[in-house]
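What follows is a single structure, written as structure tokens, with notes after it.
Just so you know, all these numbers are worked out from the coordinates, no wet-lab data involved. Predicted, not measured: the structure shown is a model, and the values here were computed from it. So basically every Cβ, Gly included, is an ideal-geometry build from the backbone, and we count neighbours across all protein chains shown.
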Amino acid sequence: MINEFLFMNGFGKYVLSAFAFTLINFTILYLVIRQQFLKEQKKFIVKFGSLNSEKAETAKLQKINKEILSNVSTN
Amino acid sequence: MFKILEPNKIFQITSKAPKYVLFLFIIVLTVGLSEALIFSPEDYKQSDAVRIMYVHVPAAWISLSIFSSITLLSICGYIFKNKNFFLMAKSLAPSGFIFNIIALVTGAIWGKPTWGTWWAWDARITSMLILALFYGMYLLAWRIYEDRDQVFKISTLITVFGIINVPIVKFSVDWWNTLHQPASINILTKNAIHSSMLLPLIIMTAAFALFSLLIFLMKYNTELIKIKNKGLDRL
């Protein structure tokens, strides 16, 4: 049954390579975009950490900054 | 007018959504792959080679619709002077480009057993290749130009010229004699595809759409954090 599935009446190499190419591209794109996201998030944490208390308070007033910080633990 | 498009409000949703979209994508893709590779019937003419359709066609559809969306968003950004539209357009481009490449490569793989050749300079294939070049130019413009106004202008121009190619891709099989078969799915007329093949095609299209949504959300969040990083520098 597995051989039949892989052979696909002689078209197995074409069909499976098309699906494999698609899935490999999906994985690579996902990993690249995720890496970019984590890099920017890390940069943000470092920059935020280096702010003095007054500047940190000002930055925290922006909802989006709080949201980025709160999401760190979930990623 | 576009208060709903404020980054603060959008980020509240987009920062939480990717994990749910990823979960849903994995489920839909698993169902789609089993339907496409195991349960769907083989074609009476093409035999099992027809299964390539389940990745080739959704990839082509989504790359075309993403390019149309990028153009619309860029034009809206220009008309309403709202940077967020450009940010959304930029975040859509990577998945659109990858789908375009998938459509071209899987098309070539499908071409070998059915037409006897990997590549033919046929109207549909050539116009899809031109679309990939427009995607490439669009992505390159965002990398090359530092000045925001300049990149907004150049990227909009690329999409406006590129959108002319979209109807050419769609109708190339009707306008010219090509190796490529005409559209099997038509909203206005009866479909030339059996429901047993239409179902996996729809499921795979849904999976691909979810994947592009996932990449869009992750890229959009990255772009927002990049802007916030610049904001922290200015404090």
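Here are some notes:
- Shielding by other protein chains, B:87-94, mean Cβ within 10 Å: 1
- Cβ neighbours within 10 Å from other chains - mean over A:6-13: 4
- Relative to the longest principal axis of the Cα atoms of chain B, the long axis of helix B:165-175 makes an angle of roughly 20 degrees.
- Debye, to nearest 20: dipole size of chain B, +1 on Lys, Arg Cβ, -1 on Asp, Glu Cβ: 860
- Note on A:Leu6 and B:Lys9: the model spin-label points, each 7 Å out from Cα along the C-beta direction, lie 5.5 nm apart.
- Taking other residues whose beta carbon is less than 14 angstrom from the beta carbon of B:Ala93, and scoring Lys, Arg as +1 and Asp, Glu as -1, yields +2.
- Acute angle (nearest 10 degrees) that the helix B:148-163 long axis makes with the longest principal axis of chain B, alpha-carbon atoms: 20
- For the residue pairs B:Lys9/B:Lys153; A:Lys13/B:Lys19; B:Lys19/B:Lys170; B:Lys90/B:Lys230; B:Lys19/B:Lys112, the alpha carbons lie more than 28 Å apart in A:Lys13/B:Lys19; B:Lys19/B:Lys170; B:Lys19/B:Lys112.
- Against the main long axis of the alpha-carbon atoms of chain B, helix B:123-144 sits at an angle near 20°.
- Exposure proxy for B:Glu223, B:Glu146, B:Glu42: other Cβ atoms within 10 Å of each Cβ, ordered fewest to most, give B:Glu146, B:Glu42, B:Glu223.
- Here's the picture: charge each Lys and Arg Cβ at +1 and each Asp and Glu Cβ at -1 in region A:1-66, and of A:Phe5, A:Leu31, A:Ser17 the one pushed furthest to the positive end of that dipole is A:Leu31.
- The mean count of C-beta atoms from other chains within 10 Å of the C-beta of residues in A:32-41, rounded to a whole number, is 6.
- Distance in nm between pseudo-label sites at B:Arg148 and B:Ile130 (7 Å out along the Cβ direction from Cα): 3.4
- Considering only B:Leu201, B:Leu92, B:Asn229, and ranking their Cα positions along the charge dipole of the protein assembly as shown that arises from unit charges at the beta-carbon of Lys, Arg, Asp and Glu, the one farthest toward the positive end is B:Asn229.
- For B:Trp175, B:Trp110, B:Trp119, order by how many other beta-carbon atoms lie within 10 Å, fewest first: B:Trp175, B:Trp119, B:Trp110
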